[in-house]
Each structure stands twice: as C-alpha cells, then as structure tokens.
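Participant: Sharing a structure here in structure tokens format.
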Amino acid sequence: MKKYYRSQYFLLQKRIAEPRRFIQVLAGPRQVGKTTIALQLVETTSLPHHFAAADGALPSDNIWLEQQWETARLKWKQSGADSFLLVIDEIQKIENWSEAVKAQWDADTRNRLPIKILILGSSRLLLQQGLTESLAGRFEITHIPHWSYQEMKEAFSVTVNQFIWFGGYPGATDLISNESRWKQYITNALVETSISKDILMLTRVDKPALMRRLFDLGCAYSGQILSYNKMLGQLLDAGNTTTLSHYLQLLGTAGLLTGLEKFTPNKISQRSSSPKLMPYNTALVSAQMTESFERAAVKPDLWGRMVESAIGAHLLNFALTENFEVFYWSEGNAEIDFVLRNRNQVLGIEVKSGNIQKSAGTKMFKQRFPEARILLVGQTGIQVEEFLSMNPVDIF
C-alpha cells in the first residue's frame, strides 16, 4: 500500500517548520496512527531529530526521560543545526512525566537551546491532567481521532457499508476477509489493551470488572438512551450511579465509548440527564455481535442502528478536532438523534435508516429551539455516504 498521510501530518509539518520552539502533544486512542504520523514527520523533516519510545521504561523512571533529553542536546550540538526535534512516544508510561518535561524544557529555555518537543500519548485524561497541572502555557495539543470514512476509503478502498460495520481501524483492515479473526483482534488487541493499559494501569479503578461490563453494555445499547439506574440493573451490580458516570468518562478518554448528554440550556439538567451511549468507532460494536457483516446488512433494524452509530462516531471524532459539541435531545416520545452546538449555532440531526420507526421529534424540537436548524441524514435527506465524507463543521 502506498503511504497515506492524515491531515494532522500536514498541520504538524507546518508547525515543525516554524522557527519558534514548542511542546506539541499528539493525543488519541490506540491504533489510530499517532506513531506513524510522528515517524512520517521525522522522515520528511530537514531537522535533526531523536525518537524515543517509553514502552521499555519503568513507570517511575524519570531518569530515562532526562537521558533522552540529554541525547537530544548532544545530537543537536553535533549537528550544528539551528534547531532540533525530540519525539517521545507513549509518554503516559512515565509517572509525573509532565513535571519532568517542565524541568527539562525550562532548563533549555534558560540555556537558550532550540529543542522542539513532540509528545505522543494514548491516555487523553492523563495527558490533559499533566498538561494543565505542570505545563500550562507551554504546549499545544493536537487530537488524533479515529479514522474517518473518507480516510479509510482513500487509503484502503473500503466501501461505505464496510466502514459502517468494520469501522476505522487501519491496522485491522487486512483481517476483514476473515471476520472471526477480525473480531478477536478488535476485542483482544484493541479493546482489552486500551482498558488495561490506558485506564486500569494509569487510573484508580475500584471495580475493573464493572468497567468492562459497562463497556460491553454500552456497545450492546449503542445509540440508545439509558439511565444510570437501568445500567446498574442490567449490570447486576450494587454500585452507584456516580461510579458508572466516572467509568463512562474514563472509557471516553480512552476513545472507546461515551455517553452523550441531553441538549438543554440548563447546564445542571444537562449533566444530570440520562446518557445516550455512543462508541467512538463502530468496530467496537460489531466486534461484540454474533451476526456477520453479510447477515447484519440485510437486517434493517440492526443495520439502521449501525448507521446511527457510524454517524454518531463520525460526529464525536470531528468534535475533538473542530471543537464543536455533540448532544442528543428528547422530550416524552419525541427525540432528535444528535444536536450539534458550534458557538451560538445549533443544528439538529435526524438519522433515517432501515425500518426503525422514530417518533416525530423535529416539530417539537423546533418549537423548543426556534433558532436551530434541522438536517436529515438518509432516505430523502443527505445520503449517509455523503455525510460520512464531509467535515461536520462545514454544515454550520
């Protein structure tokens, strides 16, 4: 396969070419190509560089980080170049990494060393905590989301139906022809690794089994509104709703599963609303199912649910990079699948696919929010493939 360059590569390429120093952070879930983008950058940049991965470092080993920095300083002096690029992969493996980075960065600042820093990490929560606590005002962050349909189509020639079912994991594309093996790969190599290494090893979780069952439940009820009390009943656990809400947040920071809040002008009501469960990648849903791609495609209700999940995942991933918000709306039996808010603009999105019959929520939504616009995806509206091919922010 020819090399494929994601849009974030071109953005970072321009930033690296700028004369100023920076700490640039690449944050995103596993297997979305963060390391590939970094390697592409060091291959194409004219700057001398040093690439180091923290995979083999001990969690408490800040000395390792200092050693990599000293190696970069030495290489820069030997190169005679005006600036130097240091790339550190899997930074979240190092405890208190942000404090160590701050110490080295500040030392370079005092000594006027022109070293630029590119940091990669899989745990968005841990990265954000470290950045805000120790590196405030010193960094820029670039979110690397799951692959979109347009990217998967251009790089791997997947069809829109294949994308809806198999999702956007480029490393799993070669396994699509063997669906049983593909499902095992998604479950074991991606889901379990993300939960165990990006959440359980880095954050205190008192009930890891409950978190795993919550993930399975979220996939089983993808696209559905489910109260936390009902979740507890389904999970047969004597926990509390606060614990579930926290675990759902952690799953979201790992790029696995989130709970959309209800759209309402009242922030308190919004935060206390029942979540609409939504994956960041439809592969996480289909990998849990017994149905095959061929069987699911001819089941209108099931396929309609997968289409809605694909639309939701599309919106969630672009929301990270384009900074708009994604909600749902419901009142009684009336519902709008997704509500986007970009600054002061509000857009309701109704997804019509398969034989799923939904109550007419459009009229009531417009009555409640007359300034909002409504977009229909599927059937007589914009086609699903066309919508999945666009950047949602262009709609505003």
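The values are calculated or read from the model by the stated rules, or taken from the named source; none is laboratory data. Remember, it's a predicted structure, so these values are computed and weren't measured experimentally. So basically every Cβ, Gly included, is an ideal-geometry build from the backbone, and we count neighbours across all protein chains shown.
Participant: I want to confirm something. Restricting to region 143-176 and keeping residues that are crowded, with 18+ Cβ neighbours inside 10 Å and of a type in the set (Ser, Thr, Tyr), which single residue is nearest to PHE22 (Cα to Cα)?
Facilitator: Per the criteria, the residue is SER148.
Participant: Do you know which residues across region 242-268 are of a type in the set (S, T, N, Q) and part of a helix (DSSP H, G or I)? Step through it out loud before you land on a result.
Facilitator: The initial filter retains those residues of region 242-268 that are of a type in the set (S, T, N, Q), namely 242-243, 245, 249, 253, 258, 264, 266.
Those that are of a type in the set (S, T, N, Q) and part of a helix (DSSP H, G or I): THR242, THR243, SER245, GLN249, THR253.
Participant: Can you run down the residue pairs with Cβ atoms below 8 Å, 6 or more apart or on separate chains, where the first is in region 186-204 and over 15 Å from GLY28 (Cα atoms) and of a type in the set (Val, Ile, Thr) and the partner is at pLDDT 85 or above and part of a loop (DSSP other than H, G, I, E, B)?
Facilitator: Cβ pairs passing all conditions: ILE186/TYR169; ILE186/ALA287; THR187/ALA287; THR187/GLN288.
Participant: Would you pick out the residues in region 111-140 that are of a type in the set (Val, Ile, Thr) and either at pLDDT 95 or above or outside the structural domain of PRO48 (by TED's automatic domain parsing) (or both)?
Facilitator: At the first step, the residues of region 111-140 found to be of a type in the set (Val, Ile, Thr) are 115, 117, 119, 132.
Matches in region 111-140: ILE115, ILE117.
Quick grid of which residues meet (1) within 20 Å of VAL285 (Cβ to Cβ); (2) of a type outside the set (Lys, Arg):
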| site | (1), (2) |
| --- | --- |
| LEU200 | no, yes |
| ASP206 | no, yes |
| ARG213 | yes, no |
| LEU217 | yes, yes |
| ILE225 | yes, yes |
| LYS230 | yes, no |
| GLY233 | no, yes |
| ASP237 | no, yes |
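Participant: Something else: Filter region 372-396 for residues that are more than 23 Å from the chain's Cα centre (by Cα), within 16 Å of ARG343 (Cβ to Cβ) and either loosely packed, with under 15 Cβ neighbours inside 10 Å or among the polar types (S, T, N, Q) (or both) and give the result. Explain how you work it out, then say what you get.
Facilitator: Restricting attention to region 372-396, the residues satisfying the condition of being more than 23 Å from the chain's Cα centre (by Cα) are 372-376, 378-383.
Narrowing the set further to residues that are within 16 Å of ARG343 (Cβ to Cβ) leaves 372-373.
Residue satisfying the conditions is ARG373 alone.
So that you can scan it fast, the table gives a plain yes or no per residue for (1) of a type in the set (Gly, Ala, Ser); (2) touching a residue at least 12 places away in the same chain (Cβ under 8 Å):
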residue: LYS262; (1), (2): no, yes
residue: SER274; (1), (2): yes, yes
residue: GLN288; (1), (2): no, yes
residue: PHE318; (1), (2): no, yes
residue: TRP329; (1), (2): no, yes
residue: ILE349; (1), (2): no, yes
residue: THR362; (1), (2): no, yes
residue: GLN367; (1), (2): no, no
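Participant: Shifting gears a bit: So which residues in region 217-227 are buried (at least 16 other Cβ atoms within 10 Å of the Cβ) and closer than 23 Å to SER194 by Cα?
Facilitator: Once the filter is applied, which keeps residues that are buried (at least 16 other Cβ atoms within 10 Å of the Cβ) and closer than 23 Å to SER194 by Cα, region 217-227 yields LEU217, GLY218, CYS219, TYR221, SER222, GLY223.
Participant: Can you tell me which residue in region 168-213 is farthest from the chain's Cα centre (by Cα), limited to those that are within 26 Å of LEU388 (Cα to Cα) and β-branched (Val, Ile, Thr)?
Facilitator: ILE176
Participant: Follow-up question, since we're still on this one. Being hydroxyl-bearing (Ser, Thr, Tyr) and out of contact with any Asp or Glu (no Cβ under 8 Å at 6 or more places or on another chain) is the filter here, so list the residues in region 67-118 that pass it.
Facilitator: From region 67-118, those hydroxyl-bearing (Ser, Thr, Tyr) are 71, 79, 83, 98, 109; that's our starting set.
Hits for region 67-118 are THR71, SER79, SER83, THR109.
Participant: Being among the small types (Gly, Ala, Ser), in a helix (DSSP H, G or I) and surrounded by 17 or more Cβ atoms within 10 Å (Cβ to Cβ) is the requirement here; does ALA209 meet it? Lay out the reasoning, then the answer.
Facilitator: Numbers: among the small types (Gly, Ala, Ser): yes; in a helix (DSSP H, G or I): yes; surrounded by 17 or more Cβ atoms within 10 Å (Cβ to Cβ): no.
The answer is no for ALA209.
Participant: Name the single residue, out of those in region 257-289 being at pLDDT below 95 and either of a type in the set (Ser, Thr, Tyr) or within 26 Å of LEU26 (Cα to Cα) (or both), that is surrounded by the fewest Cβ atoms within 10 Å (Cβ to Cβ).
Facilitator: SER269
Participant: So the check is Cβ under 7 Å with 6+ separation or different chains; which pairs have a first residue in region 158-177 that's more than 22 Å from LYS34 (Cα to Cα) and a second one that's of a type in the set (Asp, Glu)?
Facilitator: Filtered contacts from region 158-177: VAL160/GLU385.
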